[in-house]
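Novice: The structure that follows is given in the form of structure tokens.
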Amino acid sequence: PPVIVWFRQDLRLADQAALAAAAAEGPVIPFYVLDDETPGKWRIGGAQRWWLYHSLQALDASLGRHRSRLILRSGKAAEVVAAVAKEVGATRVHAIRHYEPWWREAEDALGKAVDLCLHDGNQLAPPGAVRTGSGGIFKIFTPFWRALQEHMPPPAPAEVPSLSAPSRWPKSERLEEWALLPEKPDWAEAFDTEWTPGEAGAAERLEDFVAEVARYKARRDLPAEEGTSRLSPHLHFGEISPATVWHRLSRAKGAEFLRELAWRDFAQNELLILPELGEANAREAFDRFPWRSGKAAASDLRAWQQGRTGYPIVDAGMRQLWATGWMHNRVRMIAASFLIKHLLIDWRDGAAWFWDTLVDADWGNNSLNWQWVAGSGFDSNPFGRIMAPLSQSEKFDAGDYIRAWVPELGEVDDAAIHDPHGVGAAPEGYPEPLIGHKEARARALSAVAKIKSAR
Ligand code: FAD
């Protein structure tokens, strides 16, 4: 009988443990379900739908080169996979294990209907494998990183297995029917020039980065430079395995880079402690935080989303996000901090916007990082440490970055670019700051003083 491989955020053929295991057992049916039901509110957002369309197209094309194809269905994944298994007479389904709460729910449900074999391979080390001396899951990154290195290197990446086709293919829906791409207006216009979704695009991105990785430490915080790998959406969709990245870059003097890559593993481990990491404060004191609400807060949130806060570095980041589906990490921190501490808007509102607009939106990474910035996370930057966006902009030399993303400021010189209002050089049409830094800082500190035991 044929064996089903249930693809999710693991859209690759190489170093794909579920595919390899299935191929060793019999004819393989590669299967993908567009599931907007199980995740509920956390179904994939707009930017990722664009990515998914192209990634599935690429996966189907590479399967075609192995005399195979991708079968598509939509609906509640556990039910749909069980139904197709029955239809083709398969009893066994292979999949890579996922840690989002809705995927765990789907895995539990599907496991009752079929023989579901779950594999590792989407992290450097299986979540839960790296433990503290007393057997717990690490809550702080630095000791986690130290312990993770004991498990490194990861197993050498496996080649694409040889696939045999079933005697009969089940019916497939058509990718075009899923309406994953934006219609009018086509906000994803710039995505095409920025990204090549799919396994080949991921491999190319990695190769391009090999020559750069030695300079990663020096350049990773400078938003005006292409100093980081931009592998995040490829890693999120599993178009390349982290083990592949590790092996390629550890040979190329990538120690600093590998440490950052490990944050991704760390986030998956945090999900073992708190699966609802994107919804629940890891520090409960934050449940009492006096977030602003009402009309004025809603209007500030909109200004932030649109990149019209009057803080050039924040606006540049938010516009880069909208145009390309990605934002530089340093600017993500500044923009998130601005929303949370300057505007006193609940981090979950910011995380939800990122969820819809990032091509790399990831339950573990997005939630962990928002909570890190807010101060509500297990490992986090204390709330009282308030980033100053204007001096951050200067420190990380963001002038060219701002001029590139905020056309109103395209002609502003280096002396004025970080704080054009402050030096009286703001061109007409560039918004006034929503709030002054000093005032915001005082307001934030008095807000956090209201929750006892939060630092
Ligand atoms: P590089 O610097 O080249 O890093 C390589 C890889 O390591 C990344 O692709 C990513 O997989 C991992 N990585 C690096 N930094 C982090 C980090 N701080 N946390 C977790 N993993 C990391 N990253 C996401 O992948 N998805 C998200 O939804 C996401 N949301 C974020 C929200 C906020 C508020 C902040 C501050 C950061 C967020 N990040 C998220 C982390 C980080 O900004 C991105 O992973 C990074 O900018 C991606 O660019 P890159 O691939 O060039 O990174």
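Novice: For MET318, are the conditions met, namely being under 17 Å from the mean Cα position of the chain (by Cα) and more than 10 Å from the ligand (Cβ to nearest atom)? Spell out how you get there, then give the answer.
Specialist: On the way: under 17 Å from the mean Cα position of the chain (by Cα): yes; more than 10 Å from the ligand (Cβ to nearest atom): yes.
Answer is yes for this residue.
Novice: Among (1) in contact (Cβ under 8 Å) with a residue 24 or more places away in the chain; (2) surrounded by 14 or more Cβ atoms within 10 Å (Cβ to Cβ), where does PRO143 come up short?
Specialist: (1)
Novice: Restricting to segment 224-238, name every residue that is over 18 Å from the mean Cα position of the chain (by Cα) and touching a residue at least 60 places away in the same chain (Cβ under 8 Å).
Specialist: Answer for segment 224-238, where residues must be over 18 Å from the mean Cα position of the chain (by Cα) and touching a residue at least 60 places away in the same chain (Cβ under 8 Å): just ALA224.
Novice: Considering HIS54, HIS94, HIS98, which residue is more than 21 Å from the chain's Cα centre (by Cα) and not basic (Lys, Arg)?
Specialist: On inspection, the qualifying residue turns out to be HIS94.
Novice: Looking only at residues that are of a type in the set (Asp, Glu) and more than 7 Å from the ligand (Cβ to nearest atom) in segment 332-373, which one is farthest from ALA47 (Cα to Cα)?
Specialist: Of everything passing the filter in segment 332-373, ASP346 is farthest from ALA47 (Cα to Cα).
Novice: Moving on to the next point. Can you list residue pairs whose Cβ atoms sit under 8 Å apart, with the first residue in segment 361-387 being touching a residue at least 12 places away in the same chain (Cβ under 8 Å) and the second being within 6 Å of the ligand (Cβ to nearest atom) and in a loop (DSSP other than H, G, I, E, B)? Count only pairs 6 or more apart in sequence or on different chains.
Specialist: ASN366/LEU358
Novice: Here's another thing I want to ask about it. Of the numbered conditions (1) under 15 Å from LEU124 (Cβ atoms); (2) in contact with a Leu (Cβ under 7 Å, 6 or more places away or on another chain); (3) of a type outside the set (D, E, K, R), ALA282 fails exactly one; give the number of that condition.
Specialist: So the condition that ALA282 fails would be (1).
Novice: Among the candidates ARG69, ARG73, ARG131, single out the residue that is touching a helix residue (DSSP H, G or I) at 6+ places or on another chain (Cβ under 6 Å), part of a loop (DSSP other than H, G, I, E, B) and surrounded by fewer than 21 Cβ atoms within 10 Å (Cβ to Cβ).
Specialist: ARG69
Novice: Going by what's in this entry, would TRP326 be described as more than 10 Å from the ligand (Cβ to nearest atom), in contact (Cβ under 8 Å) with a residue 60 or more places away in the chain and under 29 Å from TRP103 (Cα atoms)?
Specialist: Values: more than 10 Å from the ligand (Cβ to nearest atom): no; in contact (Cβ under 8 Å) with a residue 60 or more places away in the chain: yes; under 29 Å from TRP103 (Cα atoms): yes.
Answer is no for this residue.
Novice: Right, here's the next one. Every residue in segment 377-404 that is closer than 18 Å to GLY317 by Cα, assigned to a loop (DSSP other than H, G, I, E, B) and aromatic (Phe, Trp, Tyr), please.
Specialist: Answer for segment 377-404, where residues must be closer than 18 Å to GLY317 by Cα, assigned to a loop (DSSP other than H, G, I, E, B) and aromatic (Phe, Trp, Tyr): just PHE396.
Novice: Restricting to segment 242-257, count the residues that are of a type outside the set (Gly, Ala, Ser), more than 9 Å from the ligand (Cβ to nearest atom) and in contact (Cβ under 8 Å) with a residue 12 or more places away in the chain.
Specialist: 7
Novice: Go over the candidates SER68, SER74, SER55 one by one and state the one that is farther than 24 Å from LEU358 by Cβ and of a type in the set (S, T, N, Q).
Specialist: Among SER68, SER74, SER55, only SER68 is farther than 24 Å from LEU358 by Cβ and of a type in the set (S, T, N, Q).
Novice: What number of residues within segment 165-196 satisfy the criterion of being exposed (fewer than 15 other Cβ atoms within 10 Å of the Cβ), assigned to a loop (DSSP other than H, G, I, E, B) and either charged (D, E, K, R) or in contact with a Gly (Cβ under 8 Å, 6 or more places away or on another chain) (or both)?
Specialist: Result for segment 165-196: 7.
Novice: Determine the pairs where a residue that is closer than 16 Å to ALA280 by Cβ, located within segment 92-111, has a partner that is among the hydroxyl-bearing types (Ser, Thr, Tyr) with Cβ atoms under 6 Å apart, the partner being 6 or more residues away or on another chain.
Specialist: If the second residue must be among the hydroxyl-bearing types (Ser, Thr, Tyr), the pairs left are TRP102/THR38.
Novice: All but one of (1) crowded, with 22+ Cβ neighbours inside 10 Å; (2) away from the ligand (no atom under 12 Å from the Cβ); (3) within 18 Å of ARG49 (Cβ to Cβ); (4) of a type in the set (D, E, K, R) hold for GLU239, so report the exception by its number.
Specialist: The number of the failed condition is (2).
Novice: Condition first: under 18 Å from the mean Cα position of the chain (by Cα) and either among the basic types (Lys, Arg) or farther than 11 Å from PRO154 by Cα (or both). Now tell me which residues in segment 239-252 satisfy that.
Specialist: Result: GLU239, ILE240.
Only the coordinates and a few stated rules stand behind these numbers; no lab work does. Computed from a predicted model, the values in this text were never measured in an experiment. Every residue, glycine as well, gets a Cβ built from its backbone with ideal geometry; the counts of neighbours run over all protein chains shown.
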